[in-house]
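Read the structure below first, then the notes.
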Amino acid sequence: MAEDTKYCLCCGENVPFGTFERNERLETTCAYCGFTLDVQNLWEPKKQEPAAAVVTESYALVTDDSTYTRKIIEDILKATIFSTHILSFQNGLELISAYSKMLNEKKTIDISIIDLNMPVMDGLTAARLMRSLETQNGAEKTPIMFFSAEKADENLRKQMQNLDPANYVNKGSDPDPDKLVARVESLIGYLMEKYKQKK
């Protein structure tokens with residue numbers, strides 16, 4: 001890989017990048033789509049005494065019509081202890097049915113990882129219904145992460161802006177299981193940096 005490019009999870013290829021300072025951190029982003037490629041603190045974080053652990057119940061939702069892909073995502077989410085509970089669904093309709101109930105029960109949902117192309121109900125339709133349910137219930141918006149082999153075109157980027165907070169990671173089309181695992185690990189690593197480190 002050339003030194004003047006970095007691999008972008010969103011574009012699925014090596015891309016030129018830009019680096020800028022924001023919130024006392026140095027961020028490197030894709031020049032094409034703006035996806036965050038790397039973040040470095042500009043200060044030494046203070047060491048804190050470990051506090052007594054308080055376990056708050058939270059959920060990660062995984063929706064993909066591939067049983068294999070769902071299992072990989074679930075296993076890595078469990079290994080990183082991303083959330084205390086992980087629920088998985090085969091299509092958008094199953095997700096929306098469960099999500100509506102969870103909002104009524106005031107459950108804490110950390111993330112919803114959604115495939116774009118699924119039978120019964122696709123990922124974008126499910127995401128729009130999630131936002132509608134949140135508005136109806138006066139609930140906080142759950143971050144959405146689309147994980148799909150479909151290319152992130154201009155239309156998808158506009159849709160994600162309307163669904164914010166929403167991001168996209170390219171699943172890749174290579175059938176090699178090891179490469180899919182590597183992509184999922186990159187996905188979870190990105191989610192840990194973007195959402196869990198701020199809590």
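Being assigned to a helix (DSSP H, G or I) and of a type in the set (Asp, Glu) is the filter here; which residues of the stretch 64-84 pass it? Selection gives Glu74, Asp75.
If a residue has to be part of a loop (DSSP other than H, G, I, E, B), within 19 Å of Gln90 (Cβ to Cβ) and not acidic (Asp, Glu) to count, how many in the stretch 109-141 make the cut? Going through the stretch 109-141 one residue at a time, the tally reaches 6.
Here is a check on your reading of the model: is Leu61 within 16 Å of Val120 (Cα to Cα), of a type in the set (A, V, I, L, M) and outside any loop (DSSP other than H, G, I, E, B)? When the stated conditions are applied, Leu61 does not pass them. Part of a strand (DSSP E or B) and more than 14 Å from the chain's Cα centre (by Cα): is that true of Leu87 in this structure? Answer is yes for this residue.
Since every read-out is calculated from the coordinates, none of them should be taken as a lab result. Keep in mind the model is a prediction, meaning the values are calculated, not measured. As a convention, Cβ positions derive from the backbone with ideal geometry for all residues, glycine included, and neighbour counts pool all protein chains shown.
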